[in-house]
Amino acid sequence: MLKKIGFLLLLTTALTSCSDDGKETVLLFSPEKDVELGAQLKQEIFANPSQYPLLDSVQYRSAYEYIRGLKDSILNTGEIGYRDEFAWEVYIIEDDQTLNAFASPGGYIFFYTGLIKYLDNEDDLMGVMGHEIAHADRRHSVKQMHRQYGINLLLSIVLGNEPGQISQILAGIAGNGTLLAFSRDAETEADLYSVDYLSKTPYRCDGAKTFFKKLSDGNSQAPPKFLSTHPPSADRVINIETKALEIGCDTTYFSPSSYQTFKNSLP
């Protein structure tokens, strides 16, 4: 009993961070647990092809090599805190009607073909890639799970008292997109980190703004539903541009022609 109490005290004092509103948040999971959770979520997604029709990595080998190369360009900037601890796997979901990408704990990232085809340049996709990597590296998913499910349930999971609960939670996330409901502050933080990441690459550092600019300019039939809980697109463009000016990074397009070849390789 004393050992368990000591473990809980250690857990609640060591695994803490500031939440998006500046208050202290207890992170019950170690980075290794992030990877484990993300791997379980990946399994839930792979087991649900009707909702998540993933492109086969063998059939679309060149597409996967391309998008994973973009991911590596950011990981190699030296700016990623969990560069070596997280999995950093990228997958493509065949759904041209969905303008979205999402990251799960531990660095498992999913891009919809609808978003890829919506963007015009490699710099734009790199901006989104940086945003999703930031969500994982800043552990926004775990913080969101803490807020949504509460400390008692998560403590039970960590201590092994509720072995079936984690599968239920992950199945719910994979099924209804709960994982995407980050706070507005978390979304803003991911936008700004994307600028920092890209400033260390040949790409325009404000590439993340293009998606939101196209939305605010009306270049989409209907904005993605998940954006209803996020900062307004116009505000995000301003925040990203302000960050780029603040650090004085390059905002000219790198724009390699390989992006169109990549898009043409998709179904």
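Annotations for the structure displayed:
- For segment 29-50, taking the residues that are among the charged types (D, E, K, R) and within 15 Å of the chain's Cα centre (by Cα), the one that is surrounded by the fewest Cβ atoms within 10 Å (Cβ to Cβ) is identified as Lys42.
- Residue-level check: of (1) part of a helix (DSSP H, G or I); (2) modelled with pLDDT of 95 or more; (3) aromatic (Phe, Trp, Tyr), Tyr149 misses just (2).
- Some residue of segment 191-209 being polar (S, T, N, Q), on the phi < 0 side of the Ramachandran plot and at pLDDT below 95: no
- Just so you know, in segment 51-72 the residues that are more than 17 Å from Ala136 (Cβ to Cβ), out of contact with any Pro (no Cβ under 8 Å at 6 or more places or on another chain) and of a type in the set (A, V, I, L, M) include one that is surrounded by the most Cβ atoms within 10 Å (Cβ to Cβ), and it is Ala63.
The values are calculated or read from the model by the stated rules, or taken from the named source; none is laboratory data. Because the structure is predicted, anything quoted here is derived from the model rather than measured. Reconstructed Cβ throughout: ideal geometry from the backbone, glycine too, with neighbour counts over all protein chains shown.
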